[in-house]
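Working notes, structure below.
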Amino acid sequence: MGRLIRGRAHVFKRANINTDEIIPARYLTAHDEAELALHAMEDISRDFVSRVRPGDLIIAGGDFGCGSSREHAVWALRGAGIAAIVADTFARIFFRNALNNGFLAIECAGLAEITSDGDDIELDLDAGAVRNHTTGASRLFTPLTPFALELLEAGGLLPYVAQRRGVGSPNA
Amino acid sequence: MTVPMTITEKILAAHSACDSVRPGQIVNAVIDLIVAHEVTTPPAVNMLAKMGISRVFDPSRVVVTPDHFVPNKDIQTAELTRQLRRWVEEQGIENYYELGDHGICHALIPERGHILPGQTAICGDSHTTTLGAFGAFATGVGSTDLAATLATGELWFKVPETMRFNVSGALPPGVYSKDLILYIISRIGVDGARYRAMEYHGSCIETLSMEARMTICNMAVEAGAKTGIIEADQTAVEYVRARSDKDFTVYVSDEDAEYAAALDIDASSLEPVVALPHLPSNGRFIGEVEPVSIDQAYIGSCTNARIEDLREAARILKGRRIARGVRAIVVPATSAIWRQALKEGLFEIFSEAGCVVSTATCGACLGGHMGVLGRRERCISTTNRNFVGRMGHPEAEVYLASPATVAASAVAGCITDPRVFLNADPMTVEAAPFQDDIHVGVS
Ligand code: SF4
């Protein structure tokens, strides 16, 4: 994965955006990312799906992704083209699911407060910094743990497990 | 020298071959029990297939039941269940509970003796924390975690910090463990225990039945916790012994174990609690809740649809009728609970009161079927989440409460203190104009 990620912001300032809002349970009968993506954020922002473009970022408040364990929430957002999420904090299972999918989730307190929809945001993973190129503001974020970085670099938990055990022979 | 540890730390240490673990440490823990249902398992099975992994690590550690959308609500859910069933056969998984024997997984697992004190358990479902009532480390995970555990029998965890809740005193009549946990969540917030273990202690907890303890551990996740846990005491051991002959280890927290925070609660000072839309942390004592009218009353879910819950609801509904304009839906959590309720004559009470009774299913708890809400409809429910859109239309409103409060509200037609009915003779209350007679909002 690249160490610099740059994209357009979609800001969800409110805390506790839950998985029912990210992908309502009525769509859980699907698990195809493209199909789930059609309903991403539907109950909180009707036009999110029409606004989002590949490579965009979500910038959110605290406890993003609380609620159910549905990994469908991560798939729906990734399917919609979201490249990374930066939130004040993440709910536990959502954060786990993101890492397990090799999907970047960064905790950076206060970024949502100083970001507006459409701002040009750059994440520098090595420096542990976020820059808002539209406003010139920047923030430092909590660096990911070495284990989390390993998971991301492997592309998620399953490739990581496979790498360590040899593909196709997990019991070996 | 041994390092003092909490139960959670001890279980994780024992399962990752460490003498001791500290909060924040990443461990790879052996998983004793893997629970699977039809929503999150098929994606995990597909992932395994993509990786070329064809065998589950140890089928005897896997327990499977379809629960969310059973009986299949449409073609898509029929296909999910079909996929689940085919996989169960392929893998030779013996612990599969088919429709008629099925139940909401978190209620079914303890009932059939699959969870033992001291174990580690995961399920692709956030309310797996329920199993912590047996002194086990149980947590909800996503499909990828589920796939990895099915393949390897192990899973990574960051050892959580533990918060300690000391609950003393007895719950007053009409106040239940649901009220206690809604109260706790209202005190600490929906992320008050984020990434942490919630450990419950105290004379109140010790007197609670396993059913009541399960309700408390079930909702730990609504405070963001990784797990909810209660030391396995005699009550827990007897419950498990009646259902399993397997050996187990009981872990207790060391007296000098370190806690991230502690909260003391006097249960005797509590009143019925109702969580207002749209967060489980919006709990208020019933005296402060407006007696708003309701369209639906729902008694179901892994939180509060065990036999004790149904009995409490029946106590209030017996000899009464639900109010005009209210739909009341009772969904026992498992098939065994359903049969027990039938034998005890509870269905007759529900039916005569004007309720409908369904087979066990998650159903409307997650807006699946069996009572999905329409636009601007208001429901009082024994479930665990009242997020926007959780039970149906995003403009619907869900209030969370105990089975007694839900039953009382169904009778009154508006959100109502169950103690009004518990103290009264059914006939005199029935004769009275409910809504005017009930002192809600006055304290
Ligand atoms: S009853 Fe509701 S909360 Fe419990 S497992 Fe089913 S959907 Fe989840």
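Annotations for the structure displayed:
- For chain A, the calculated P(r) over all alpha carbon pairs, in 5 Å bins from 0 to the bin holding the longest distance, is 2, 9, 18, 22, 21, 15, 8, 4, 2, 0, 0 percent.
- Beta bridges per DSSP, both residues in chain B: antiparallel share near 20 percent.
- The stretch B:115-161 and the stretch B:391-414 have their alpha-carbon centroids 31 Å apart.
- Accessible area per residue for the stretch B:275-421 is 31 Å², calculated with a 1.4 Å probe on protein heavy atoms, without ligands, DNA or RNA.
- Total formal charge among the other residues, if their Cβ is under 9 angstrom from that of B:Pro66, Lys/Arg +1 and Asp/Glu -1: -2
- Accessible carbon and sulfur surface of the stretch B:268-408 relative to its total accessible area, %, 1.4 Å: 48
- For chain B, the longest site-free run once GluC sites (Glu not before Pro) in DSSP loop states with at most 13 other Cβ atoms within 10 Å are removed: B:95-254
- Percent carbon-and-sulfur accessible area, the stretch B:7-265, ignoring ligands, DNA and RNA, probe 1.4 Å: 47
- Computed from the Cβ-Cβ distance with R0 of 60 Å, the FRET efficiency linking B:Ala17 to B:Ser293 stands at 0.55.
- Spin-label model distance (nm) - A:Leu149 vs B:Asn28, 7 Å beyond Cα toward Cβ: 2.0
- Of all DSSP bridge pairs formed entirely within the stretch A:4-144, close to 45 percent run antiparallel.
- Note: the protein assembly as shown, Cα convex hull, 146 Å³ per residue.
- Among beta bridges from DSSP that stay inside the stretch B:7-265, the antiparallel ones total about 15%.
- Here the Debye sum runs over all C-alpha atoms of the stretch B:7-265 as equal scatterers in vacuum, and log10 of I(q)/I(0) at q = 0.10, 0.11, 0.13, 0.16 Å⁻¹ comes out as -0.48, -0.58, -0.81, -1.19.
- Burial of 40 Å² or greater, the stretch B:98-126 residues [accessible area, probe 1.4 Å, versus chain by itself]: none
- FRET efficiency for the A:Asp32 to B:Arg311 pair, using the beta carbon distance and R₀ = 45 Å, is estimated at 0.55.
- Computed over the stretch B:275-421, the ratio Rg/Rh where both radii use C-alpha atoms and Rh is Kirkwood: 0.93
- Working note: Cα atoms of chain B, range along each principal axis, descending, whole Å: 64, 53, 40.
- When each full DSSP H helix of chain B is screened for a Cα extent of at least 27 Å along its own axis and an average Kyte-Doolittle hydropathy of at least -1.0, none passes.
- In the distance distribution for the stretch B:1-74, Cα-Cα pairs more than 16 Å apart total 65 percent.
- Counting only other chain Cβ atoms within 10 Å of each residue's Cβ, the peptide B:146-158 averages 4.
- Comparing the full protein assembly with the isolated chain, the residues of the stretch A:70-109 losing at least 50 square angstrom of accessible surface (1.4 Å probe) are A:Glu71, A:Arg92, A:Arg96.
- The stretch between B:Glu395 and B:Asp58 holds 116.8 nm of extra length on full extension. This uses 0.36 nm per residue minus the Cα-Cα distance.
- Buried surface between chains A and B: roughly 3800 Å² of accessible area, summed over both sides, computed with a 1.4 Å probe on protein heavy atoms only.
- Here is the result for the stretch B:11-61: no trypsin sites (Lys or Arg not before Pro) lie in DSSP coil with at most 13 other C-beta atoms within 10 angstrom of their C-beta.
- Sites B:Asp266 and B:Leu422 - FRET efficiency at Förster radius 25 Å, r taken between beta-carbons, to 0.05: 0.75
- A simple spin-label model places the labels of A:Ser50 and A:Arg165 4.7 nm from each other, with each point 7 Å out along Cα-to-Cβ.
- All lysines inside 22 Å of B:Lys318 as judged from Cα atoms, apart from same-chain residues fewer than 8 positions distant: B:Lys178, B:Lys343
The values are calculated or read from the model by the stated rules, or taken from the named source; none is laboratory data. A quick note: this is a predicted structure, and the numbers were derived from the prediction, not measured. Here Cβ is always computed from backbone atoms with ideal geometry, including for glycine, and neighbour counts include all displayed protein chains. Keep in mind that these areas ignore ligands, DNA and RNA; they rest on the heavy atoms of the full protein, side chains included. Shrake-Rupley method; radii C 1.70, N 1.55, O 1.52, S 1.80 Å.
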